[in-house]
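Trainee: Before anything else, here's the structure in question.
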Amino acid sequence: MPIKNSGDPNNDQVLSGKMILVILIVSFTPLILIGGPVLYQIHNSYAQKVRDHMTTLLLEYASHIDAFLNEKIGNIKLLANSYDMENLGAQRLSEDLELLHWAYGRDIETLSMINQHGRQLVHAGPNYVFDADQQMSGWFQKAIKKYQYVSDIFEESGGSFFFFVSVKKTAINDSNDQQSWVLRAGMNSMVFQNKLRSLKTGETGNAYIYDRKGEFLGKRYPGVLPAQKIREGLIQKEKKNVRGVYVGQLDHDGQNVFIAATYIQNSGWLLVFQQNVSEAFSKFQSAGIIIGIICFLWSLGIFFTVIAVTRKMTGRLKEANRQQVRITQGMVEAGNLASIGELAAGIAHEINNPVAIMIESAGWAKDLIREGPYEKTENYDEILYSLNQIKEQGLRCKSVTQKLLSFGRRGDSIITDLHIDELVEDVIMISTQRAIYSGIKIHNELQTNLPLIRASRTELEQVFLNLINNAIDAMEVIGGTLTISGELNTSQLCIKFTDTGPGIPPETLNRIFNPFFTTKPVGKGSGLGLSICYGIIEKMGGQIIVQSTLGEETSFIVKLPCEVSGNKKNEEIQIQANFGL
């Protein structure tokens, strides 16, 4: 039943508005329900990625600092084990300091030997303000109690920063008294400051160190969080992650800052890495802007698409009604074609009997003339020639009527073994006269040793005749050439019909097998021929493929399944080219 419009413009507008609203709700609901949680999960994943990256950087540098301190402590231990407090002089200490400079650079600036009472006995290198005995008690009281010790950070009056690494050694003097002394190395803090610069990321990503007292290593620069704020706001509130690092966010000077902190094992110093959240999430924000633009454009596309679809709905419904009418007309035309086929078969049958009588009579008359006294007549040769022509043309008419009878038996779908070259030759015979009138040459290049095809003769005749007639229709105005060739490809026999017509446009090429689709003028084609051919070949287990170059040629390739013995494949079948299939 055809779909009809309401006829009331107001009702149509209300219906269109409701349809637009429903489609928009259906379109945007998944975007909201899925997009929000997904974006939230992506944000959390990205934040975790930032935390993991900061943790990795921090632990990597902390391990470098530990390794550096272990190396320097090892150097001091080696020297301490080789020294004797009573015989050690400033010259040897200076020589050993130069040796360390030569081997490891100028990380160690001074070497000093200090007895258990805090008195400096021997010194090599520049003097610090803290070398005075009364000013060394702060760090010395801790260093004399431990086998090895790393001090806090000290600042010289000139603005330079340094710290001490010391090793305690205990020995027995000649009086059997136990004496302890400390070998102290003054370290240049610039070695850490230079390495910390390598951890800088972007504009706000920086790493720095606080000692146990909360003193900053080096000169403080803008944006650095105080040690007390890091300890109170992060370390005391947050739990260490599985890798032993405190990670969190703090507010500082109006900025939300990512902080990662961990303690350096050998020294107890606090290593910190910080970066503004806005910079850490800059790539995520850029991606969010791009996603927002895409979603906005997507929304606009959905909105305008919905409006366009609803506006075209009425037209599509009308087109559906027209299409239904065309289908009904096509079915009527198909019935008419079937009736015409039956009529043609009946006419051919009626003509066949008189033609047979004519052929027989011509032969009988010819025998009478040869047996009778007619050889000496003046027109004997002409009469004999005429009788021969009557018989020959009668046989030709009989052959044509037999072909028409064969094509008229459409219900006869008996599967038999067919010689494809003979079948094609019969179809060409029926179409030859029409091709001659249209100035078209038909070249049959099929081989005679092609394998047998097991199929219905009448159905294949219908397919081949339709393809030949279509080619003639395409070249009817300008003339041309139709070439029929074949090849055996594995277990398939391919029959190719190539015409030199105007070709098929690309936008039409994928629709030619649709039922009732035709490019012929109204009344000349029903649009069922190729559709029926396609169904027949598909039922046989084969294929029809079309290739066309606009303005040059069109080829229809019919692929049919066949069985070929091994000897025939190896010894006889080598036919033409592959057609590029």
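The values are calculated or read from the model by the stated rules, or taken from the named source; none is laboratory data. Quantities reported herein were computed from a predicted structural model and do not represent experimental measurements. Here Cβ is always computed from backbone atoms with ideal geometry, including for glycine, and neighbour counts include all displayed protein chains.
Trainee: Run down Gly525, Gly480 and say which single residue is on the phi > 0 side of the Ramachandran plot and either at pLDDT 85 or above or of a type outside the set (Val, Ile, Thr) (or both).
Mentor: On the way: Gly525 fails: on the phi > 0 side of the Ramachandran plot.
It is Gly480.
Trainee: Next up: Regarding Glu109, is this residue at pLDDT 75 or above and not hydrophobic (A, V, I, L, M, F, W, C)?
Mentor: Numbers: at pLDDT 75 or above: yes; not hydrophobic (A, V, I, L, M, F, W, C): yes.
In short, yes.
Trainee: Identify the single condition in (1) over 19 Å from His123 (Cα atoms); (2) without any contact (Cβ under 8 Å) to a residue 12 or more places away in the chain; (3) surrounded by 14 or more Cβ atoms within 10 Å (Cβ to Cβ) that Arg92 does not satisfy, given that it satisfies every other one.
Mentor: Every condition holds for Arg92 apart from (1).
Trainee: May I ask you to list the residues in segment 418-448 that are of a type in the set (S, T, N, Q) and more than 14 Å from Ser485 (Cβ to Cβ)?
Mentor: Going through segment 418-448, the residues of a type in the set (S, T, N, Q) turn out to be 431-433, 438, 444, 447-448.
Ser431, Thr432, Gln433, Ser438, listed by residue number.
Trainee: Has segment 171-178 got at least one residue that is at pLDDT 85 or above, part of a strand (DSSP E or B), in contact with a Ser or Thr (Cβ under 8 Å, 6 or more places away or on another chain) and not acidic (Asp, Glu)? Step through it out loud before you land on a result.
Mentor: Residues of segment 171-178 at pLDDT 85 or above: none.
No.
Trainee: Another one. When Leu387 is evaluated against the numbered criteria (1) assigned to a helix (DSSP H, G or I); (2) assigned by TED's automatic domain parsing to the domain that holds Ile472; (3) over 20 Å from Ile472 (Cβ atoms); (4) at pLDDT below 85, which criterion, by number, is the only one it fails?
Mentor: Failed condition: (2).
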